[in-house]
Every structure is written in structure tokens, then in C-alpha cells.
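Participant: Let me give you the structure first, and then I'll get to my questions.
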Amino acid sequence: MQNVRGFSPTDAGFLLLPYSMSLMIVSLTAGKLVGVIGSRRLILLGIASQIVGFAVLIAGLQGSTVVVTAGLVFVGVGAGLCLTPITSLAMTTVPAERAGMASGIMSAQRALGSTVGFAVLGSILAATLTTTLSAHLADALPNPAERKEVADMIIGNANPRAYSAEIGPGRPIKHLNPATQKAILAVADSDFIEGIRFSLATAIVFLALVLAAGIVWFPAAAALSPTPNVRREPSRRKRPHAKALFRAP
């Protein structure tokens, strides 16, 4: 939104708000639905919603902002449908005295998943740009050395407009030829969008595999509403009352 379409940080934040709002609202609602339809269906439905959302984003990245917003809503709804049931399932399938440990593991898992996800999809974007960008810039920049320098700067900053900055976005430098500058921007924007699309398509493949595995191997018992573990005291046999032991004949 900022690097390709030129939105300000504030406008880009507002455009991402539907994702955050749908995630928050659905997360709060999903807690009630767990008791009605169980965790299994909600989690699988959430994964399917994220697949739909990423597909909508792929279709709308180069088009309408409304389509992009709709894709973000689907992704937010899917994340909300997954997070609460997974947490509920994890917390109710461990002994009560290990609830703190389960909560810590869940928090670490989320942080790890986010970090790995950004790293993998960002690496896929960089690899895609490395493969295509230099070749597509050949018409605008016939000089191989200049073309490599521009491509490396765009890829290294993950920003199609990075070539116009000497070190960072604070000191822009213009190309001597305005037509060349315009051609570079057009190619960089197009390749950047295609790289994001390829990254999202890779995410769809991973999610589809998880969805298929969940349908096949997700415990059927999870379809029922999980009941919290109750710590039971060890059973004690009823002993005869002291008066009964010393009854007179």
C-alpha cells in the first residue's frame, strides 16, 4: 500500500484496520461457538477462510482497494476462528496444574509461527524478485552494471522505489532521464506485486496441506465441546464409624 500505491502510513493503517477488527470480533465470538459446535469445525473453517482471503488478495493486489480489504477481512476472520479454539483445546486437554505451561507453549508457538512465516514468505518474495527483476529491467537499463545495482537496491530494501534513495528514503535521487525513471518504477512495481502474489500462493499451498491433514487426522473427539479438566481427589473408602467398631453385643 505504501511502497507501490503511495498511501501514507496513516492511510495504510486504516486500510489494514478491517483485518484487525474482524480478528478481534471473531475471536471474541468464537469462544461461545466452541461450546456449540466444537473446536474441530471452527479450526478447519478458519483455515479455509484464510485460504479464501489470500486468494482474494492475489486477485485484488493490482486492482481495487475494496477487493484487498475484502481479502483482509477473510484472513482476519480465519485467524480469529483458529486462535480461540486452539487455545481452548490446548488449555482443556492438559491437567489443571500444567495450565500455565500450556499457556506459555501456546504463546511461544504463536511468536515462532509469525517469525518463521514472515521469514519464509519474505525470502520467497526476494527470490522471485532476484529471478525476474533484473531481466525485466533490461529494456529500461541496458547497462548491466547499473541494472544490477538498481535491482539489488530494490530487492535488499523490499521496496520497488528503493532505487531512488541513496541510502534510505530520506535522501531521494532522481534518474537523469525521467522516461527511464518512469520505466524503472513500472517494472519494479509490477515485479514487486507478482512476487507478493507468488508468496501468498505459497502460503495457500501450505494452508491447503494443513487443512487436508486436519480433515484426515484431526481427532474426532475435538468435534465435541472440550470439558475442562477437574482435579479430582483420590477416592477414599468409607471406613466404619468408631462407634460401630465398639458396639456392645
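Participant: Could you let me know the centre-to-centre spacing of segment 180-195 and segment 1-71, using Cα atoms, in angstrom?
Facilitator: Taking the Cα centre of segment 1-71 as reference, the centre of segment 180-195 is 27 Å away.
Participant: Quick check: at a probe of 1.4 Å, how many percent of the accessible area of segment 1-133 sits on carbon and sulfur atoms?
Facilitator: The nonpolar share, carbon plus sulfur, comes to 73 percent.
Participant: Moving to a separate point now. Given a 1.4 Å probe, how much area per residue of segment 33-187 is accessible, in Å²?
Facilitator: 53
Participant: Here is a follow-up. Under 14 Å from a point 7 Å along the Cα-to-Cβ line of residue 218: which residues of segment 90-112 have their amide N that close?
Facilitator: 90
Participant: Find how much the distance from residue 120 to residue 193 grows on full extension, using 0.36 nm per residue of separation minus their present alpha carbon separation; answer in nm with one decimal.
Facilitator: That works out to 24.6 nm of additional length.
Participant: Now a separate question. Roughly how many nanometres apart are two label points built 7 Å out from the Cα toward the Cβ at residue 37 and residue 64?
Facilitator: 2.7
Participant: Moving on to the next point. Would you work out which of 21, 105, 119 lies farthest towards the positive end of the dipole of segment 1-152? Charges go on Cβ: Lys and Arg +1, Asp and Glu -1.
Facilitator: 105
Participant: For residue 93, enumerate residues with amide H under 5 Å from its amide H, sequence gap 5+ or separate chain, H modeled in the peptide plane.
Facilitator: Those qualifying (amide H under 5 Å, at least 5 residues apart or on another chain) number zero.
The values are calculated or read from the model by the stated rules, or taken from the named source; none is laboratory data. Since the structure is predicted, the reported quantities are computational estimates derived from the model, not experimental observations. Cβ: placed from backbone, ideal geometry, glycine included. Neighbour counts: every protein chain shown. When the accessible area is computed, the model is the full protein with side chains, heavy atoms only, and any ligands, DNA or RNA have been set aside. Shrake-Rupley method; radii C 1.70, N 1.55, O 1.52, S 1.80 Å.
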